[in-house]
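The values are calculated or read from the model by the stated rules, or taken from the named source; none is laboratory data. Quick caveat, the model's predicted, so the values are computed rather than measured. Cβ atoms come from the backbone with ideal geometry, glycine included; neighbour counts cover every protein chain shown.
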Amino acid sequence: MTNSEGGRIVVAIDGPAGSGKSSVSRAAARVLGFSYQDTGAAYRGFALYCLQHGTDLSDAVTVAAALKDFEYEIGIDPDDYWVHVGGVDVTAEIREPWVSAAVSSVARIPEVRQYMVDLFRSIIETSFWPGILVEGRDITTVVAPDASVRILLTASEQVRIGRRSAELTGESAESTARQLSSRDAQDSKVVDFLNAADGVTTLDSTDLDFDQTVAAVVALVRKADTKHT
């Protein structure tokens, strides 16, 4: 399922907030000719859905029940990325700070995480590209533990705050730092995204620029592909 069905390569990338997972993974997928799945978008999409429907995020049972009517689609072409919830394009809206603040509240719930794992795996299985690059949290250990390539993409907290600040217009560095630290603290209660599991390659991009980080990911994938051919 996660390794080489029909010779297809699966690349799993984990990492903390602000590590550049999404932008680096999408760019690497483009270079490799692979599809790309942003798993964080599903959690964001579900958080948005709950907020729009007045779901009590402090009530795990109510949140889990909301999954029943949650309709989600994502574009996996790195050159045509979009996110739809209920048939509506929410690609930009799920990145709003008020949505980001709610993500951890839904992601901590076991039923939600299991639903998402099943969703992510189904997208992996139905991708007909030569390979698929999947990024998010607990991808290397839970979603695709048998992936051909497993990478933990990380960077120092200072660098991650700087990168996230550059992404969020209208947010001060102090506000971004608080959000990033809070997100890491909340998510660390559910999944270990700072330490590489056995067989996972750590890629520290603290001293690498964007292009260098993309090149490093591509090199790891091509090296693994050579070993399997």
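Points to keep in mind about this one:
- Number of residues in segment 158-185 that are surrounded by 14 or more Cβ atoms within 10 Å (Cβ to Cβ) and either farther than 19 Å from Val103 by Cβ or modelled with pLDDT of 95 or more (or both): the value is 2.
- Conditions (1) touching a residue at least 12 places away in the same chain (Cβ under 8 Å); (2) closer than 21 Å to Val143 by Cβ; (3) surrounded by fewer than 19 Cβ atoms within 10 Å (Cβ to Cβ); number of the one not met by Gly75: (1)
- Meets criteria (over 13 Å from the mean Cα position of the chain (by Cα), within 25 Å of Gly33 (Cα to Cα) and not small (Gly, Ala, Ser)) for Tyr115: no
- Options Ser127, Ser100; residue that is touching a strand residue (DSSP E or B) at 6+ places or on another chain (Cβ under 8 Å) and modelled with pLDDT under 95: Ser127
- Being out of contact with any strand residue (DSSP E or B) (no Cβ under 9 Å at 6 or more places or on another chain) and either surrounded by fewer than 14 Cβ atoms within 10 Å (Cβ to Cβ) or farther than 17 Å from Val117 by Cα (or both) is a condition met by no residue of segment 32-49.
Residue by residue, here is whether (1) of a type in the set (A, V, I, L, M, F, W, C); (2) under 15 Å from Ser25 (Cβ atoms); (3) assigned to a loop (DSSP other than H, G, I, E, B) holds:
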| site | (1), (2), (3) |
| --- | --- |
| Val106 | yes, no, no |
| Leu119 | yes, no, no |
| Ser122 | no, no, no |
| Ile132 | yes, yes, no |
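- Ala60 falls short on exactly one of the conditions (1) of a type in the set (Gly, Ala, Ser); (2) over 28 Å from Thr213 (Cα atoms); (3) surrounded by fewer than 16 Cβ atoms within 10 Å (Cβ to Cβ), and that condition is (3).
- When restricted to residues that are among the charged types (D, E, K, R) and assigned to a loop (DSSP other than H, G, I, E, B), segment 35-60 contains 2.
- Test: residue in segment 200-215 that is modelled with pLDDT of 95 or more, over 28 Å from Pro97 (Cα atoms) and part of a helix (DSSP H, G or I): yes
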